[in-house]
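Everything on this sheet refers to the single structure shown next.
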Amino acid sequence: MPGSIRIRSSLFLALLALVLFTGFAATSRAQTPATHGVEYRGGRWFDGTRFVPRTVYVVDGLFRSRAPARVDRVVDLAGGFVVPPFADAHQHLYAPIEPTIRAYLRDGIFYVKDQANAPLGRQAIHAALNRPTSFDYLSANQGWTSPGGHPVEVILRAAPAGTPMGDMIRQRMDPDFAMLVDTPADVARHWPLFMAGTPRPDFVKVFLFYSEDHARRRADARFEGNRGMDPALVPVIVRLAHRAGLQVSAHVYTAADFRAAVEGGVDQIAHLPGGHLSPDATFLLTDADARRAARRGVTVITTITQHGDAALTDRLVRNQFAHNIRLLRRAGVPLLLGSDRFGDTAVTEAAALARSGLFTNLELLRLWSVTTPRAIFPSRRIGRLADGYEASFLVLGGDPLADFANTRRIVRRVRQGVELPPAR
Ligand SMILES: [Zn+2]
């Protein structure tokens, strides 16, 4: 009798265990529905410092280092070099957007920050962006400057008078294409219009241009297009922006612009100071400038190729940019790669930075594929090929640490787990 009770209770315990286990298994299946994915073998994966041979799984658009219960497909990367996708932190994009999407995906650029656009312009491209088949995109919407300040002249050049589009843009310049402000009252009046933009602004862009000479330039019509905003308005806009949860990026040209931007509390500087309209000394930062920017957590975007002309770029690199880059890096200011090149991709900027000799290939690869994407989308798990991160990557046909030009030999592109078709 006692024996049979023992047998029965063991049987009961076994049944209970089975029920509990089945229930548990069902629960854990419900919690992780994706038990199948893709295996990528034979690749050398960038770990932030070097390339390591690994087998990596992609499950539900994320990297996994452990195999899922079922592997649907095995992809052999044939010794390819796997890196996180590239980014461009300074662009201005317009319709038609399809050629831009094709060029960016071809060049491996998956993350883009538009440093001033108009909601009207954005509406024409919005539906095509931030999709698995295009790239991820943020925009500042209308830039903030003074009446007649930069970049109004750039917008006017693209809007010839006498054409329906040109006339519309000229009539609606402020506030639909640029926020033109001279006083704190102007800012207060424009702010609700700015925030009502559709799509909503993702950050704020202010324009400084010879801020050390603003009062004189503001009073003289000959300086239209060659001035920016009153630097005294920067802290006014920064306060409103930060209260709304938006970061502020500043266009700068001279070293004094950089100083005014940092002093005014901006989060990002959209250019390295530098140019050819004044002597080199006008554009050279000091150690104190760099240290103050570092203390305030300001990031600086390179845009050394913004002037287009390769000979001019190389001269400015030698006489101005090299000095500013060395100073900023020594102080610990994060540099981000941005091109500001209309109708071109960040490949040109990356090539010019490589040619400058100021960076090792490792430093440049980190700048382009780790630091810049993560600075554009700080809350996302990107820029790292690690467990739980978004499964976006490029496979290169050669080692970019041996030759940076290998960043152009992209043989495979995967975006959030989805294989993109080969580039045309
Ligand atoms: Zn720009």
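For the chain, build the charge dipole from Cβ charges (+1 Lys, Arg; -1 Asp, Glu) around the Cα centre, then report which of His307, Ser278, Pro84 sits farthest towards its positive end.
Pro84
If you rank Val75, Val234, Val206 by fewest surrounding Cβ atoms within 10 Å, what's the result?
Val75, Val234, Val206
On full extension of the chain, what length is gained from Thr133 through Thr286, given 0.36 nm per residue of separation minus the C-alpha to C-alpha distance?
Stretched fully, the Thr133-Thr286 segment lengthens by 50.7 nm.
Within 13 Å, Cβ to Cβ, of Ser339, how many net charges do the neighbouring residues add up to if Lys/Arg are +1 and Asp/Glu are -1?
Counting the neighbours of Ser339, the net charge comes to -4.
Roughly speaking, what is the centre-to-centre gap between the range 223-265 and the range 82-139 when only Cα atoms are used, to the nearest Å?
The range 223-265 and the range 82-139 have Cα centres spaced 25 Å from each other.
Quick one: of the DSSP bridges fully inside the chain, what percent are antiparallel, nearest 5?
That works out to approximately 40 percent antiparallel.
On C-alpha positions alone, give me the angle between the axis of helix 2-31 and the longest principal axis of the chain, in degrees, nearest 10.
The angle comes out at about 20 degrees.
Separation of the range 372-416 and the range 298-344 by C-alpha centroid, Å?
Rounded to whole Å, the Cα centres lie 22 Å apart.
Which whole-Hz couplings ³J(HN,Hα) result when phi for each residue of the range 406-414 is put into the Karplus expression 6.51 cos²θ - 1.76 cosθ + 1.60, θ = phi - 60°, listed in order with x for Gly and Pro?
Using θ = phi - 60°, the values come out as 5, 5, 8, 8, 8, 9, 7, 10, 10 Hz.
Could you line up Trp368, Trp191 from fewest to most neighbouring Cβ atoms inside 10 Å?
Trp191, Trp368
Which residue fluctuates the most in the chain, going by a Gaussian network model with Cα springs under 10 Å, if the choices are Arg374, Arg73, Arg355?
In the Gaussian network model the winner is Arg73.
For the range 86-376, go through all pairs of different Cα atoms, get the mean of 1/r, take its inverse, and jot down that Kirkwood value in Å.
19.1
Quick one: Ser65, Ser379, fewest Cβ neighbours within 10 Å first, how do they rank?
Neighbour counts put them in this order, fewest first: Ser379, Ser65.
A short reminder: the numbers here are calculations on the coordinates, not readings from a lab. Since we're looking at a predicted model, the values are computed, not measured. Cβ sites come from the backbone with ideal geometry, for glycine too, and all protein chains shown count toward neighbours.
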